1. Shape of the range 398-463 from its Cα gyration tensor (a ≥ b ≥ c, root eigenvalues): rounded if a/c is under 1.5, otherwise prolate when a/b > b/c, or oblate?
2. Counting Lys and Arg as +1 and Asp and Glu as -1, what is the net charge of the other residues whose Cβ lies under 9 Å from the Cβ of Pro279?
3. Highest mean first, how do 432-440, 99-107, 402-410, 278-286 rank when packing is the count of other Cβ atoms within 10 Å averaged over residues?
4. Taking 41 Å as R0, compute the FRET efficiency from the Cβ-Cβ separation of Asp436 and Asp390 and round it to 0.05.
5. Stretch His447-Arg347 to full length: gain in nm at 0.36 nm per residue minus the Cα-Cα span?
6. If r is the Cβ-Cβ distance from Glu329 to Glu100 and R0 is 35 Å, what FRET efficiency results, to the nearest 0.05?
7. Using 7 Å Cα-to-Cβ label points, what is the Arg215/Arg167 separation (nm, one decimal)?
8. Amide H to amide H under 5 Å from Val110: which residues, 5+ apart in sequence or cross-chain, H placed 1.01 Å off N in plane?
Amino acid sequence: MAREKDADRGVRGKPAHNSGTEATGPTRAVVIVPVLTRHQRNDDETNRPRLTRSADARHDEAVGLARAINLDLIHTAVVTVNDPRPATLLGSGKVAEFAEIVKEGHAEVVIVDHPLTPVQQRNLEKEMNAKVLDRTGLILEIFGERARTKEGTLQVELAHLNYQKGRLVRSWTHLERQRGGAGFLGGPGETQIESDRRQLQEKIIKLKHELETVRRTRDLHRAKRKKVPFPVVAIVGYTNAGKSTLFNRLTGADVLAEDMLFATLDPTLRRVRLPHGTPIILSDTVGFISDLPTHLVAAFRATLEEVVEADLVIHLRDISDPDTAAQAEDVERILADLGVDAGDAKRVVEVWNKVDLLDDGNRERLLADGTDASKAPPIAISAVTGEGIDALKALIETRMSGELEELTVTIEPAQFGLVDWLYRNGDVVSRVDNEDGSATIALKATHSARHEIESRLHRKNRQ
């Protein structure tokens with residue numbers, strides 16, 4: 001059984017079928033979302049069933065991924081698969097049906113939102129006479145288009161080559177013996193597929209060396225930051241959870257933030273001064289997604305090391321998404337792969353974003369359901385409206401510098417250069433200007449700021 005949907009046609013206004021004289025528009029594509037009824041996945045560590053998404057949610061995500069690279073979706077369908085076929089995954093009737101849709105719609109690409117074996121991909125391409133991409137291939141295409149820095153480009157290329165290496169399954173009959181061996185008549189030679197594999201492996205080794213240089217450079221930068229010890233706070237979350245919007249809200253930066261899967265790929269770091277003066281380095285990372293290929297995670301390990309090394313990790317969730325629980329589980333699984341325990345309440349803070357999209361009833365219910373006595377309650381925010389941002393900043397500062405402490409200091413006339421610093425790095429409660437020209441200031445400051453204040457006053461007194 002298949003539930004089919006006619007997708008929006010004409011992304012960027014492409015005509016139904018281009019003639020030779022018309023400008024080439026976006027690539028026309030068909031999206032197929034197979035739902036395997038007998039496919040129950042268990043968590044590798046707990047051996048408990050993973051949370052499953054609804055068919056509609058999977059469909060919407062697959063469409064979002066396809067549109068992220070501006071494909072013109074002429075047809076999309078959710079297909080129930082009771083008996084997966086080793087050769088094509090889908091049944092022969094469905095393959096023939098989609099082949100007709102591809103032919104009539106002049107589609108050039110077929111997206112199958114499920115992992116495909118090399119044989120399945122080859123057979124589907126033959127039957128449908130179109131390029132076939134599985135979920136991994138589509139994610140790699142998106143990453144390839146989004147990468148902007150040299151590092152990002154290297155990481156995507158490495159992941160793509162590792163993916164491609166296992167898919168050299170074409171028949172190169174016309175080049176079966178491209179090179180002869182030793183001797184007058186030549187040996188059996190090197191087949192084209194062997195040559196391709198060897199060249200791919202050489203490229204992979206070269207890219208790994210280049211990425212090792214990138215890793216060493218990152219280590220040097222990290223070592224420099226540790227000499228001026230600014231704590232690092234990393235924002236992680238499912239793609240499209242609002243990480244870049246929150247990053248912009250906290251830093252005043254202008255990182256691309258769109259309602260699009262994987263809108264940003266390359267990591268961004270900014271220095272931020274919190275309300276009571278605590279300086280931090282805030283890191284925005286690539287979004288996570290379900291079934292993220294392991295070789296893609298491995299390729300991006302140099303980037304994701306910022307998460308591994310972070311003093312505090314903000315796990316940002318789109319609480320308005322019906323599948324937020326399954327998304328959170330996927331993020332926690334990837335964090336575990338990186339060696340970060342999502343259940344470590346001292347290091348990982350759960351933040352619920354997009355609460356402005358909830359009505360009062362749903363908001364109260366979710367907050368009540370999300371309260372776990374064993375963990376700190378999540379912070380509800382809206383990165384768009386600014387709701388809850390002050391509470392989030394206060395929590396970050398408390399984690400980085402300790403609770404606010406009350407103190408009273410007397411500033412002598414010769415020390416008045418410190419007054420401005422006190423106002424910028426503390427919460428001044430009252431100030432009394434004394435007759436002898438000194439000033440008595442009562443303020444609240446973080447534990448680390450208090451030590452800095454006392455140190456500065458001590459240095460001034462000795463001068």
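Values quoted throughout were computed directly from the atomic coordinates according to the rules given, and no laboratory measurement underlies them. This structure is a prediction, so every number in the text was calculated from the model and none was measured. With ideal geometry, Cβ positions are generated from the backbone for all residues, glycine too; neighbour counts draw on all protein chains shown.
1. Numbers: a/c = 2.55, a/b = 1.52, b/c = 1.68.
It comes out oblate by the Cα gyration axes.
2. Working: positive: Arg271, Arg273; negative: none.
Surrounding charge for Pro279 is +2.
3. Values: 432-440: 11.6, 99-107: 16.1, 402-410: 13.8, 278-286: 22.1.
With the highest mean Cβ count within 10 Å placed first, the list reads 278-286, 99-107, 402-410, 432-440.
4. Working: r = 38 Å, r/R0 = 0.92.
Once rounded, the FRET efficiency stands at 0.60.
5. Working: separation 100, 0.36 × 100 = 36.00 nm, distance 1.85 nm.
Here the segment from His447 to Arg347 would lengthen by 34.1 nm.
6. On the way: r = 38 Å, r/R0 = 1.09.
After rounding to 0.05, the efficiency reads 0.35.
7. Here the modelled spin labels are 2.6 nm apart.
8. HN-HN under 5 Å from Val110: Val30, Lys131, Val132, Leu133.
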